[in-house]
Structures are given as C-alpha cells and as structure tokens.
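A.B. asks: Have a look at this one.
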Ligand SMILES: Cc1cc2nc3c(=O)[nH]c(=O)nc-3n(C[C@H](O)[C@H](O)[C@H](O)COP(=O)(O)O)c2cc1C
C-alpha cells in the first residue's frame, strides 16, 4: 500500500475513543488490598478469558493508584455494579480518593482479602496469574477463586459518556437452542 495513504489512515486516540464510547459496557469496581490499605477504581474494561480454568482480565491504566496495589499484592476483585449504583461509580472514578471511596457502602472480603461490595450484582475474587503491559495500560489476568452473588438486579451500563440500564428487546425469551454463549 502507498506509504502516505497508510499514514493518513492511521487511527489517532481521539478517533479510537469516539469509536469506543459507542460500546455499551457493564460498570465494575476493581478492588485490591496492599500493606493494610484498601484500593479501588471504576472500570469497564473487564472481560472473560476462559471458564476452564475460570479466568478474567481487567485493563488498568498504569497511572491509577489501584494499578500498583494489584501488581504488588497479586490479588484483585471485580465487583459488578447494579443499575442503582451510578453514584458509587462516580465515587470510585475520582470524586473521592483513597479510603474515602469505601465510606459510602458496606464491604467484606473473601479468600484473597480484596474488598468485596456486599450488594454488588456479583463479585469475582481473583488471584493474579499473568500481566501484560501495553502502552498506557496493563492487562491483569486473574484466576477466579470465589464468585459471590450479591443482590439481584440489573447491571449498570456506561455508553456514549452516560450511565444507562438495559431494556430487553424481547420479553425475556431465551436465545435459540445452542446459541446462548453462557448457556449450559
Ligand atoms: C465508567 C468508567 C469506566 C472506566 N473504566 C476504566 C477502565 O476500564 N480502566 C481504567 O484504567 N480506568 C477506567 N476508568 C477511569 C478510572 O476509574 C479513574 O481514572 C480512577 O480515578 C482511577 O483511580 P485513581 O483516582 O485512584 O488513580 C473508568 C472511569 C469511568 C467513569
């Protein structure tokens, strides 16, 4: 391909972010604990890796305070928020800092010791098994040691710079036989 054409087609960060903001994603609070301190931050970059062994990944900015806590302690917990919890998301994305973020709600812990939000939709308690540094972020892969189902509800979503909640297209009908990714 022509060299000038190649460089003019190169995607910049603004274009990339404009594209990414259209992807609706569940909002989570990633927590960790290190040297007796609790850490936590809001994150949508959470993805399943494998069910065998149960593994998920989170992508965390190297500048985030929780980043070093995970890197040093080797543990983290993914707490998936309910649609009512947008205030908690704001608290953990900069409105509060440090220990002040945990004042709003009740927290417990499971085997890894990472803070677990009592009434999250679900919490995945993870031990770090792999990390990959890439640009501004690190991908932390965690083996899930415990899953805690908290309070029933719908997930909090983030799309187009706004918090949102789901509205089913159908009236709760399941996907066709064999096509539900998480089906049994
Ligand atoms: C909805 C939402 C999703 C976010 N997702 C991520 C994410 O996936 N990864 C990340 O590194 N930061 C993400 N952030 C930004 C962090 O929550 C924010 O920078 C936080 O303040 C970092 O923690 P710190 O203040 O302790 O450094 C997100 C923020 C919001 C509001």
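Only the coordinates and a few stated rules stand behind these numbers; no lab work does. A quick note: this is a predicted structure, and the numbers were derived from the prediction, not measured. All Cβ positions, even for glycine, are placed from backbone atoms using ideal geometry, and neighbour counts span all protein chains on display.
A.B. asks: Restricting the first residue to the stretch 44-66 and requiring it to be within 16 Å of residue 127 (Cβ to Cβ), which pairs with a second residue that is within 7 Å of the ligand (Cβ to nearest atom) and assigned to a loop (DSSP other than H, G, I, E, B) meet a Cβ separation below 7 Å and a spacing of at least six or different chains?
C.D. replies: Close Cβ pairs (under 7 Å, with a partner that is within 7 Å of the ligand (Cβ to nearest atom) and assigned to a loop (DSSP other than H, G, I, E, B)) amount to 58/45.
A.B. asks: Does residue 159 satisfy the condition of being surrounded by fewer than 16 Cβ atoms within 10 Å (Cβ to Cβ), within 16 Å of the chain's Cα centre (by Cα) and within 16 Å of the ligand (Cβ to nearest atom)?
C.D. replies: Details: surrounded by fewer than 16 Cβ atoms within 10 Å (Cβ to Cβ): yes; within 16 Å of the chain's Cα centre (by Cα): yes; within 16 Å of the ligand (Cβ to nearest atom): yes.
For residue 159, the condition - surrounded by fewer than 16 Cβ atoms within 10 Å (Cβ to Cβ), within 16 Å of the chain's Cα centre (by Cα) and within 16 Å of the ligand (Cβ to nearest atom) - is met.
A.B. asks: Further question on the same structure: Residue check: is residue 137 within 15 Å of the chain's Cα centre (by Cα) and either away from the ligand (no atom under 15 Å from the Cβ) or under 29 Å from residue 165 (Cβ atoms) (or both)? Write out each step before concluding.
C.D. replies: Numbers: within 15 Å of the chain's Cα centre (by Cα): yes; either away from the ligand (no atom under 15 Å from the Cβ) or under 29 Å from residue 165 (Cβ atoms) (or both): yes.
For residue 137, the condition - within 15 Å of the chain's Cα centre (by Cα) and either away from the ligand (no atom under 15 Å from the Cβ) or under 29 Å from residue 165 (Cβ atoms) (or both) - is met.
A.B. asks: Just to be sure I understand the filter: pairs with C-beta atoms under 9 Å, separated by 6 or more residues or on different chains, first member in the stretch 7-26 and closer than 20 Å to residue 42 by Cβ, second member loosely packed, with under 10 Cβ neighbours inside 10 Å. Which pairs pass?
C.D. replies: 21/160; 21/161; 22/160; 24/160
A.B. asks: Let me ask something additional. Looking at the stretch 121-133, can you tell me whether even one residue there is closer than 21 Å to residue 86 by Cβ, within 14 Å of the ligand (Cβ to nearest atom), more than 15 Å from the chain's Cα centre (by Cα) and surrounded by 10 or more Cβ atoms within 10 Å (Cβ to Cβ)?
C.D. replies: Checked against the condition, which is being closer than 21 Å to residue 86 by Cβ, within 14 Å of the ligand (Cβ to nearest atom), more than 15 Å from the chain's Cα centre (by Cα) and surrounded by 10 or more Cβ atoms within 10 Å (Cβ to Cβ), the stretch 121-133 yields no hits at all.
A.B. asks: Suppose we keep only residues that are closer than 21 Å to residue 146 by Cα and near the ligand (Cβ under 10 Å from one of its atoms) within the stretch 68-92. Which one would you say is surrounded by the fewest Cβ atoms within 10 Å (Cβ to Cβ)? Full working, then the answer.
C.D. replies: So the first thing to find is which residues in the stretch 68-92 are closer than 21 Å to residue 146 by Cα, and the list is 69-82.
So of that shortlist, the ones also near the ligand (Cβ under 10 Å from one of its atoms) come out as 69, 81.
Working: 69: 24, 81: 26.
Filtering first and then ranking leaves 69.
A.B. asks: In this structure, is residue 42 outside any loop (DSSP other than H, G, I, E, B) and either within 9 Å of the ligand (Cβ to nearest atom) or farther than 12 Å from residue 115 by Cα (or both)? Break it down into steps so the answer makes sense when it comes.
C.D. replies: Values: outside any loop (DSSP other than H, G, I, E, B): yes; either within 9 Å of the ligand (Cβ to nearest atom) or farther than 12 Å from residue 115 by Cα (or both): yes.
In short, yes.
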